[in-house]
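Accompanying notes for the structure given below.
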Number of protein chains: 2
Amino acid sequence: MAALSTTLPLNRDSVFWAHKVVKNHVHRTPAVTNQTLSELASTPRAVEDLEGTRFAGRTPAKPTLRLWFKCENLQRIGAFKVRGAFYALHKLTEEPGWLEGGGKEKGVVTHSSGNHAQALALAARENGIKAHIVMPEISIPAKINATKGYGANVVFSGSTSVEREAVTEKVIAETGARLVPPYDHPDIMLGQGTLGLELQDQVESSIASSVNSAGQTLRGVYEASANKKKGNVQGLDAIITPCGGGGMLSGVALSCEGTGIRVFGAEPSFQGADDAKRGYESGERVPTVSSLTVADGLRTPLGVHPWSVIYERRLVSGMFSVTDEEILKAMRLVYERMKLVVEPSACVPLAVALFDEDFRALAEKEGGVEGWDLGLVFSGGNVAVDSLGKLLAGEK
Amino acid sequence: MAALSTTLPLNRDSVFWAHKVVKNHVHRTPAVTNQTLSELASTPRAVEDLEGTRFAGRTPAKPTLRLWFKCENLQRIGAFKVRGAFYALHKLTEEPGWLEGGGKEKGVVTHSSGNHAQALALAARENGIKAHIVMPEISIPAKINATKGYGANVVFSGSTSVEREAVTEKVIAETGARLVPPYDHPDIMLGQGTLGLELQDQVESSIASSVNSAGQTLRGVYEASANKKKGNVQGLDAIITPCGGGGMLSGVALSCEGTGIRVFGAEPSFQGADDAKRGYESGERVPTVSSLTVADGLRTPLGVHPWSVIYERRLVSGMFSVTDEEILKAMRLVYERMKLVVEPSACVPLAVALFDEDFRALAEKEGGVEGWDLGLVFSGGNVAVDSLGKLLAGEK
């Protein structure tokens with residue numbers, strides 16, 4: 001990464017600057033609507049459905065929610081991670097002395113078996129920079145091949161974080177490569193936040209023109225979006241994003257600063273993967289997570305830089321967590337009703353909107369009769385299709 | 001259906017008329033591009049890959065193909081069938097005497113366990129018309145529930161066509177309902193053809209503006225679309241659609257009449273499901289099909305009315321058929337590379353573009369150095385997600 005001293009201040013203007021850079025390299029992914037899921041989200045759950053859950057005995061909330069899905073599963077490499085990667089490498093190439101010091105040849109390095117690996121490999125190739133990706137030997141061949149396919153040098157390591165970091169250090173010592181972490185850096189946060197700006201703009205334009213960004217006319221429940229009287233601008237009232245390391249959540253929160261749009265984070269609760277929620281509520285960041293939640297992109301602890309935005313500056317209004325069963329239920333609905341391929345992590349915000357009575361009660365209270373236009377981020381679509389049936393069966 | 005005497009002539013103007021009707025009821029589904037699949041389609045296959053196939057010993061063709069996918073999997077009810085259903089019911093309501101004779105109460109009837117059942121149920125509900133849907137008792141509960149969910153009266157029958165038709169006749173005798181067949185009627189053909197008009201318009205607009213209908217900038221191979229010198233208009237050179245009963249294929253062919261855009265049909269070859277191809281080549285329509293091809297939407301024989309357009313008027317330039325293995329290979333690419341949920345039948349045109357050397361040689365010869373902008377219709381996305389893994393494993 002570029003030196004911290006070169007990063008722009010963490011505010012909305014800086015996200016606009018980051019967008020000027022990344023928009024030339026990434027897709028402006030569509031923000032789509034869905035009548036059926038919005039109706040479902042706006043229907044109170046049955047009292048029986050709450051039995052046996054953490055909401056047993058509650059009166060089901062009655063929010064009115066019009067859902068807007070930002071389809072980063074349709075992004076290059078199939079996930080939002082390219083935004084941060086392209087912006088981080090741009091900043092690196094601008095760092096005084098980096099290019100002259102042979103930076104492109106020395107390259108960049110990261111350890112990841114997931115979307116960040118492919119994102120960095122792609123961004124490095126398009127910037128003419130060498131990329132070293134440290135991956136566990138046990139990574140599935142499809143991911144290894146995809147990363148190699150973007151021209152990266154794949155270096156194998158053991159699977160523990162200690163083993164991975166040791167190999168990464170070795171690569172740095174031997175090549176002089178610069179480390180590009182997956183989320184805990186201001187440049188990454190600003191890069192990921194660009195999807196928040198696009199979503200805001202797309203929802204405003206869609207409501208103004210009555211046509212969504214996939215060219216479909218707004219009908220049914222969405223007709224109410226244009227009649228909403230609150231504030232001066234028609235558009236989003238709130239956004240929920242997945243939260244793993246917090247790079248995207250903090251970036252999206254920055255993209256909404258001063259707009260009145262409330263931003264929430266969504267996590268899996270399985271085996272303590274709700275570290276950000278626990279930290280947010282206790283006031284102390286939880287530095288480690290060890291969970292095998294089905295939302296495999298969200299098994300990481302919140303980073304220090306994201307924490308400063310999410311908690312210390314309170315740019316995130318609340319954290320919610322859902323069970324793996326709820327995540328898979330939401331995922332099935334996306335496949336069956338939206339015909340989109342999404343990975344489990346991408347479905348966590350929808351699970352919150354549909355199944356978390358705390359969130360739903362809040363949305364009912366604050367949205368009132370007019371309801372909320374609610375943005376949900378589909379963060380990625382990289383899932384092994386062969387195992388989809390088995391994965392979804394885990395729901396029962 | 002409305003009486004045949006009331007149908008418009010089978011030509012392009014009539015498809016425009018049908019579009020005026022259906023566009024108020026259906027989505028203008030996006031026409032999207034895909035860089036990776038276009039590059040793959042434009043790469044000659046390896047000689048070894050042709051070994052053991054019907055193309056063994058051939059020199060692999062070298063077409064240049066820029067693919068444009070019409071996403072009817074994102075259509076209402078998840079398939080293009082709503083277009084024909086809405087248009088057919090509109091024509092019925094306009095038939096002299098139908099309304100006065102209690103037509104809405106007598107209703108409409110069809111026998112189908114697939115997309116046509118849901119399409120007719122939805123279109124009937126929105127027109128205030130009763131719908132009776134005859135379904136085999138062995139239909140999967142999800143399909144039965146979906147059809148009931150649209151307010152239709154589901155009537156069960158045995159699974160053979162004789163049993164289904166007997167029950168349908170009984171419903172007609174008891175209720176006076178009008179039969180709405182799934183494909184073999186001019187109104188259905190004109191309705192389905194409306195997707196062809198949209199696709200033509202979307203590709204032209206995308207090339208003119210350099211932005212596709214999902215808002216993504218045209219890059220890479222698609223930059224050549226704007227530089228093509230043939231003809232007066234930038235846009236599609238050819239379209240391939242799936243062919244089951246032929247309603248959509250004949251409708252799309254009508255939508256292209258006089259434009260110079262060539263239209264091709266794609267079928268599965270398994271167990272003789274390539275009836276339309278065999279009929280087209282022998283000059284005699286094949287009236288029955290009994291195949292368990294994985295492309296379950298295409299197990300039907302070509303209808304009489306579609307045949308007149310496809311073969312007798314030669315508005316279709318050729319028929320191609322692919323193996324179930326090729327269909328599933330194409331399907332896997334769509335899930336992995338496009339992140340879209342599609343049913344097997346929807347992937348048959350892509351399989352032709354990628355794997356049929358006869359088609360590829362033709363496209364090389366006729367497209368020349370500039371290549372073809374080729375439209376492919378994703379006809380639907382209704383697939384049981386639980387069985388996806390097993391389905392795709394059938395590939396091996």
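Miscellaneous remarks
- Label distances, nm, B:G102 versus same residue in remaining copies, Cβ-directed 7 Å point: 9.2
- Nearest 10 degrees, 0 to 90: helix A:324-333 Cα axis against chain A principal axis: 80 degrees
- Each copy carries B:I172; placing its label point 7 Å along the C-beta direction from Cα gives inter-copy distances of 7.8 nm, listed from smallest up.
- Taken about its Cα centre, region B:319-370 carries a charge dipole of roughly 280 debye when the Cβ of each Lys and Arg holds +1 and the Cβ of each Asp and Glu holds -1.
- Taking the Cα centre of chain B as origin and assigning +1 to Lys and Arg Cβ atoms and -1 to Asp and Glu Cβ atoms, the resulting dipole is close to 700 debye.
- Of the residues B:A85, B:H111, B:G158, the one whose Cα sits farthest towards the positive end of the charge dipole of region B:81-179 is B:A85 (charges of +1 on Lys and Arg Cβ, -1 on Asp and Glu Cβ, taken about the Cα centre).
- Long-range Cα-Cα pairs in region B:1-127 (distance over 20 Å), rounded percent: 62 percent
- Inverse mean reciprocal Cα-Cα distance (Kirkwood Rh) of the protein assembly as shown, Å: 27.6 Å
- Dimensions of region B:185-238 along the principal axes, based on C-alpha atoms and rounded to the nearest Å, stand at 42, 26, 15, largest first.
- Cα convex hull volume per residue for region A:258-324 (Å³): 84 Å³
- Overall, the anisotropy analysis places region B:281-396 in the oblate class: the square-rooted eigenvalues a ≥ b ≥ c of its C-alpha gyration tensor yield a/c not less than 1.5, with a/b not exceeding b/c.
- C-alpha center-to-center spacing [region B:75-111, region B:151-224] in angstrom: 13 Å
- The charge dipole of the protein assembly as shown, taken about its Cα centre with unit charges on the Cβ atoms of Lys, Arg (+1), Asp and Glu (-1) only, comes to about 900 debye.
- Alpha carbon convex hull of chain A, projected area averaged over orientations, nm²: 18.5 nm²
- Cα centroid separation, region B:234-284 to region A:325-396: 39 Å.
- Loop sites here are GluC sites (Glu not before Pro) outside DSSP states H, G, I, E and B with no more than 11 other Cβ atoms within 10 Å. The longest part of chain B free of them is B:138-283.
- Seen from all directions on average, region A:21-77 presents a Cα convex hull projection of 6.2 nm².
- For region B:81-179, convex hull volume per residue from C-alpha positions, Å³: 81 Å³
- Candidates A:P287, A:P268, A:P182: whichever shows maximal mean-square fluctuation once chain A is modelled as a Gaussian network with Cα springs under 10 Å: A:P287
- Farthest positive-ward along region B:81-179 dipole, Cα basis, beta-carbon charges - from B:A123, B:L179, B:G101: B:A123
- Measuring nothing but how far apart in sequence close Cα pairs (under 8 Å, 6+ apart) lie, relative to its length, chain B scores a relative contact order of 21 percent.
- Remark: label point of A:W17 defined 7 Å out from Cα along the Cα-Cβ vector; separations to the same position in other copies 6.2 nm, ascending.
- Working note: 222 nm ellipticity from helices only, DSSP H runs with n ≥ 4, each -39,500 (n - 2.57), summed and divided by the residues of the protein assembly as shown, gives -11500 deg cm²/dmol to the nearest 500.
- Unsatisfied cross-links (Cα-Cα over 29 Å) in the set A:K390/B:K339; B:K81/B:K339; A:K329/B:K106; B:K91/B:K143: A:K329/B:K106
- Approximate shape of region A:48-92 as ellipsoid semi-axes (Cα gyration tensor, √5λ), whole Å, largest first: 41, 13, 11
- Gaussian network model of chain A, springs between alpha carbon atoms under 10 Å - residue of A:T217, A:T53, A:T293 with greatest fluctuation: A:T53
- A Gaussian network model of chain A, with springs between Cα atoms under 10 Å, assigns the largest mean-square fluctuation among A:V47, A:V109, A:V171 to A:V47.
- Only lysines eight or more places from B:K62 in sequence, or on another chain, were considered; those with a Cα closer than 16 Å are B:K365.
Quick note: the coordinates plus some simple rules give every number you see, no bench work behind them. Everything numeric here is computed off the predicted structure, so don't read it as measured data. Note that each Cβ is placed from the backbone with ideal geometry, even for glycine, and that neighbours are counted across all protein chains shown.
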